[in-house]
């Protein structure tokens, strides 16, 4: 069975601080995909990134960066110089292994104070 | 504009009164799915469909039905709603071109309250 753990239920930071959201996953599959989604206060879910298990390169997109480490089964998400607009719930998700049922973590609520 | 639409956005109903939440996508996606989101539980998949007339259970299918008669539509049916189905529901779709595990596009959500 697959499992995704987002141990941080809520994180509170002040604007311009860097913040890292943790995601630890469990799977027995060798081929799998990891995702991050953002859910702002308006409620919609927005795709941020997809990474497959064979690509351990870190990725940077503006203030966002992702650190994928198979050795620790982690796919952490860092926001540099956080802004109030980054306030949202962030979900990490796992798919693969022939199952078309994604496993989502319980989400981390990020609150960025001005 | 590429989008997934859901209707209604908000619904208050009573136990046992059948209801349907519609979902439609205009991206010609093969894969469609329904999720429910509950506080502290994240998103859990109810049903998914890989294509027309092909549906399968997700993690929490009890009390729900779906159908996929057209590629663009994937309605969620609650034949006899109960209070434990009070939740926020999301429809999602994705292309399976190149991979069956592409990113999903989500609808705006339907907040359902069953009294």
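The values are calculated or read from the model by the stated rules, or taken from the named source; none is laboratory data. All values derive from a computational prediction rather than experimental measurement. Here the Cβ is made from the backbone with ideal geometry for all residues, glycine too, and neighbour counts use every protein chain on show.
Remarks
- Any hit, region A:2-16, residues being touching a residue at least 24 places away in the same chain (Cβ under 8 Å), under 12 Å from the mean Cα position of the chain (by Cα) and under 27 Å from residue B:6 (Cβ atoms): yes
- The strands (runs of 3 or more DSSP E) found wholly in region A:17-114 and carrying at least 3 residues that are surrounded by 20 or more Cβ atoms within 10 Å (Cβ to Cβ) and within 14 Å of chain B (Cβ to nearest Cβ) occupy A:32-39, A:88-96, A:99-104.
- The residues on offer are B:86, B:15, and the sole one that is touching a residue at least 24 places away in the same chain (Cβ under 8 Å) and surrounded by 16 or more Cβ atoms within 10 Å (Cβ to Cβ) is B:86.
- Residue B:105 meets the conditions (1) more than 9 Å from every other protein chain (Cβ to nearest Cβ); (2) in contact (Cβ under 8 Å) with a residue 60 or more places away in the chain in every case but one. The failed one is (1).
- Tally of residues being over 21 Å from residue B:113 (Cβ atoms) and more than 9 Å from every other protein chain (Cβ to nearest Cβ) across region B:21-46: 8
- Checked against (1) in contact with a strand residue (DSSP E or B) (Cβ under 8 Å, 6 or more places away or on another chain); (2) in a loop (DSSP other than H, G, I, E, B); (3) closer than 16 Å to residue B:84 by Cα, residue B:17 meets all criteria but (1).
- Taking the criterion of being in a loop (DSSP other than H, G, I, E, B), modelled with pLDDT of 95 or more and out of contact with any helix residue (DSSP H, G or I) (no Cβ under 9 Å at 6 or more places or on another chain), the residues of region B:99-115 that qualify are B:107, B:108, B:109.
- Filtered residues of region B:48-98 (kept if at the interface with another protein chain (Cβ under 10 Å from one of its Cβ atoms) and either farther than 24 Å from residue A:89 by Cβ or in a strand (DSSP E or B) (or both)): B:48, B:49, B:50, B:56, B:57, B:88, B:90, B:92, B:94, B:96
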